[in-house]
Amino acid sequence: MTLTPAEADTILAENFAPWVLDLGLSTAETGERHAVLRLPWSERLAREGGGLSGQALMAAADTACVIALSAARGGFAPMTTIQQSSSFQRAVAGQDVLVHAQVTKLGRRIAFLDVTLTAEGAEEPAARATSVYALG
């Protein structure tokens, strides 16, 4: 059973640190092995020059992975990020970012994910990440 976006938003509200919640993330879509979160544009998250900070993008990617894994596993359970690698391809300014996390391998104790972060309306991604999680 896959999570609904509303159930995923409840997982966000109940299981993440207040500073992560301050990003304003919301679940746009969930599926059997993926989730799409929306990171709303905020000048508070911008760095010098007006681009969205890499720290905000990577926190959003990490959070989207938890929601994608929760969808794949039928609900939230303890998990820990053990590796995340990112590459930034273009700046985002003044636009929300859609954060698409896809589970590429789900084992009993470990999972692998690919994440694409794209400014809303853009065709090319702003950043990509790969993540590995230990599952509890």
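The values are calculated or read from the model by the stated rules, or taken from the named source; none is laboratory data. The model shown is predicted, which means the values in this text are computed figures rather than measured ones. Heads up, the Cβs are rebuilt from the backbone with ideal geometry, glycines too, and the neighbour counts pull from every protein chain shown. Ligands, DNA and RNA are stripped out before the accessible areas are found, and what is left, the full protein with its side chains, is counted by its heavy atoms. Shrake-Rupley method; radii C 1.70, N 1.55, O 1.52, S 1.80 Å.
Could you identify the single residue in ALA13, ALA56 that is open to solvent by 60 Å² or more (accessible area, probe 1.4 Å), among the small types (Gly, Ala, Ser) and under 16 Å from the mean Cα position of the chain (by Cα)? The unique qualifying residue is ALA13.
Can you pull out the residues in the stretch 59-78 that are over 14 Å from the mean Cα position of the chain (by Cα) and buried (at least 19 other Cβ atoms within 10 Å of the Cβ)? Within the stretch 59-78, ALA72, PHE76 meet the criteria.
Of everything in the stretch 93-116 that is touching a residue at least 12 places away in the same chain (Cβ under 8 Å), charged (D, E, K, R) and open to solvent by 60 Å² or more (accessible area, probe 1.4 Å), the residue that is farthest from ASP62 (Cα to Cα) is ARG108.
Only one of these is of a type in the set (D, E, K, R), more than 19 Å from ALA77 (Cα to Cα) and in contact with a strand residue (DSSP E or B) (Cβ under 7 Å, 6 or more places away or on another chain): ARG38, ARG33. Name it.
Details: ARG33 fails: more than 19 Å from ALA77 (Cα to Cα).
So the residue among ARG38, ARG33 that is of a type in the set (D, E, K, R), more than 19 Å from ALA77 (Cα to Cα) and in contact with a strand residue (DSSP E or B) (Cβ under 7 Å, 6 or more places away or on another chain) is ARG38.
Taking GLY31 as the residue in question, decide whether it is at pLDDT below 95, more than 12 Å from the chain's Cα centre (by Cα) and closer than 22 Å to GLU123 by Cβ. When the stated conditions are applied, GLY31 does not pass them. Consider THR81 carefully, then state whether it is among the polar types (S, T, N, Q), within 20 Å of GLY107 (Cα to Cα) and more than 8 Å from the chain's Cα centre (by Cα). Against the criterion (among the polar types (S, T, N, Q), within 20 Å of GLY107 (Cα to Cα) and more than 8 Å from the chain's Cα centre (by Cα)), THR81 qualifies. Restricting attention to the stretch 79-92, the residues being under 24 Å from PRO5 (Cβ atoms) and either modelled with pLDDT under 95 or open to solvent by less than 60 Å² (accessible area, probe 1.4 Å) (or both) number 3.
Among the residues of the stretch 117-136, is there at least one that is without any contact (Cβ under 8 Å) to a residue 24 or more places away in the chain and open to solvent by less than 40 Å² (accessible area, probe 1.4 Å)?
Within the stretch 117-136, one or more residues are without any contact (Cβ under 8 Å) to a residue 24 or more places away in the chain and open to solvent by less than 40 Å² (accessible area, probe 1.4 Å).
Annotation note: of ALA35, ALA8, the sole residue that is buried (at least 20 other Cβ atoms within 10 Å of the Cβ) and in contact with a Ser or Thr (Cβ under 6 Å, 6 or more places away or on another chain) is ALA8.
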